[in-house]
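Only one structure is covered here, and it is reproduced in the block below.
Quick note: the coordinates plus some simple rules give every number you see, no bench work behind them. None of the values given here were measured: they were computed from a predicted structure. When we count neighbours, we look across all protein chains shown, and the Cβ atoms used for this are built from the backbone with ideal geometry, even at glycine.
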Amino acid sequence: MSAELPTTMRAMVTEGHGGIEKIVLHEDWPRPDPAAGEVLIRVGACGLNNTDVNTRSGWYSKAVSDATTGDAFDTVNADDPTWGGNPIVFPRIQGADVCGEIVAVGEGVDEARIGERVITDNWLRDPEDPSNMDKTGYFGSECHGGYAEYTVIRATNALAVTSDYSDAELATFSCSYSTAEGMVCRAAINASDTVLITGASGGVGGALIQLVKLRGARVIALASTEKHTAVTALGADRVLPRSPENLGAELAGERVTVVADVVGGSDWHSVIDVLERGGRYVSSGAIAGPIVELDLRTFYLRDLTLLGSTVIPPEVTENLIRYIESKAIRPVLAASYPLEQLREAQTAFIAKAHTGNIVVTP
């Protein structure tokens, strides 16, 4: 451990379920030390994602049926307010999408790793059984994350990256792009597919466009009209309004084989209805609302497959490193805020007026 490292750090700490006022700046939070098998990262930037908002507000609780707004909910079950349906320990430093530099290592980690530039693989797996989805945690949820000047993570979850992208740009990849790549892999998207992507201007939506196009498939994107130019620039073959009056009529003549959805809500039935027979629906979010209506006749008479996608295979983030280093995908950095303005950054994130990802920098 270098004697030059400070013993305290600045951190934005979430102090309980509730509104954005629950995120509090601490000027002298204890800097963590890496335990055996861990590394200490000096954070260069940390990206925002929906998990932070949903965990803080308690949206994951089955007591909540509303859209994601970032506001506190009146009723949240004490036993299921997180992505994994378990309680969370407060205070908690959230933030999963870290880019930074390894500045110290714990016992058993090669000291040659000090100085490496890394991004985080946020899925905390059982080292003895890494494919077991029941034995997983998430960085910034089940442990402290990256909304601070320093953070620790298992050495195996700190992935070296060689890139001329800035720290802020690299901090856009970990959560959004791994979520999108997980959806693409789970739905087995290939060059023969036409994929309808909802929420296409967001972090996951924009990542989906790029990763689907990487497979050679056709992309039809749904996004607010004012964002169509930016979404087209990401590679979408066709862009439609976020909530067309008649999606079926708009897509007459199209053969939609996959829907990749992070929106849900009241328009959910319309995206299901445009899937061709034998089509696949994959979801990794429900920002417009988690409770939807499904006509089971649509589901079984048209031989549809419905896929949930949360815990990703271990190789997904490693694939992202390859894509980043070869520039097969690119970051979409909407805005960067200083760490102490995390509340303002999260407010902008929730408003969804941006295209791409928002990050904070210590």
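On a C-alpha basis, how far is the centre of the stretch 140-210 from the centre of the stretch 309-341 in Å? Whole number, if you could?
The stretch 140-210 and the stretch 309-341 have Cα centres spaced 4 Å from each other.
What's the exposure ranking of Met183, Met12, Met133, going from fewest to most Cβ atoms within 10 Å? Walk me through the numbers before you get to the answer.
Working: Met183 30, Met12 25, Met133 12.
So the ranking, lowest neighbour count to highest, is Met133, Met12, Met183.
Is the C-alpha gyration tensor of the stretch 179-308 telling us rounded, prolate or oblate? Criteria: a/c under 1.5 is rounded; beyond that, a/b larger than b/c is prolate, otherwise oblate.
Details: a/c = 1.37, a/b = 1.21, b/c = 1.13.
Rounded shape, in that the Cα axes give a/c under 1.5.
Using a 10 Å cut-off on Cβ atoms, rank the peptides 29-37, 338-346 from the highest mean neighbour count down.
On the way: 29-37: 16.1, 338-346: 18.2.
The peptides rank, most packed first, as 338-346, 29-37.
Among rounded, prolate and oblate, which fits the chain when a ≥ b ≥ c are the square roots of the eigenvalues of its C-alpha gyration tensor, a/c under 1.5 means rounded, and a/b larger than b/c means prolate? Intermediate results must be reported in sequence, preceding the final value.
Details: a/c = 1.83, a/b = 1.55, b/c = 1.18.
The shape class here is prolate.
Counting only C-alpha contacts under 8 Å and six or more residues apart, can you give the relative contact order of the chain as a whole percent? If you can, show how the numbers build up before the last one.
On the way: 856 pairs, mean separation 65.8, N = 362.
This gives 18 percent for the chain.
Pairs of alpha-carbon atoms within less than 8 angstrom and 6+ residues apart define the contacts here; what relative contact order does the stretch 1-152 have, in percent? It would help to have the intermediate numbers written out before the result.
Numbers: 341 pairs, mean separation 45.4, N = 152.
Once normalised by length, the contact order is 30 percent.
Would you mind calculating the gained length between Glu325 and Glu15 on full extension (0.36 nm times residue separation, minus the Cα-Cα distance), in nm to one decimal? Write out the running numbers ahead of the final one.
Details: separation 310, 0.36 × 310 = 111.60 nm, distance 3.71 nm.
Using 0.36 nm per residue and subtracting the Cα-Cα distance, I get 107.9 nm.
With a point put 7 Å past each Cα toward its Cβ, work out how far Thr232 is from Ala36 in nm, to one decimal.
Here the answer is 5.9 nm between the modelled labels.
Excluding residues fewer than 8 places away in the same chain, name every one of the aspartates and glutamates whose C-alpha is closer than 18 Å to that of Lys22.
Partners within reach: Asp52, Asp71, Asp74, Glu142, Glu340, Glu344.
When a/c reaches 1.5 or more, the comparison of a/b and b/c decides; with that in mind, is the stretch 96-141 rounded, prolate or oblate per its Cα gyration tensor? Please list the in-between numbers first.
Numbers: a/c = 3.01, a/b = 1.58, b/c = 1.91.
Here the stretch 96-141 falls in the oblate category.
With a Förster radius of 41 Å, plug the Cβ-Cβ distance of Arg113 and Ala351 into 1/(1 + (r/R0)^6) and report the FRET value to the nearest 0.05. Each step should come with its number before you reach the end.
Details: r = 39 Å, r/R0 = 0.95.
FRET efficiency, Arg113 to Ala351: 0.60.
Would you mind counting up the charge near Thr136? Only other residues with Cβ under 14 Å from its Cβ, with Lys and Arg at +1 and Asp and Glu at -1. Before the final figure, lay out the partial values.
Working: positive: Arg125, Lys135, Arg154; negative: Asp121, Asp126, Glu128, Asp129, Asp134, Glu142.
Local charge sum for Thr136: -3.
Between Thr162 and Gln341, take the C-beta separation as r, use R0 = 30 Å, and let me know the FRET efficiency to the nearest 0.05.
0.50
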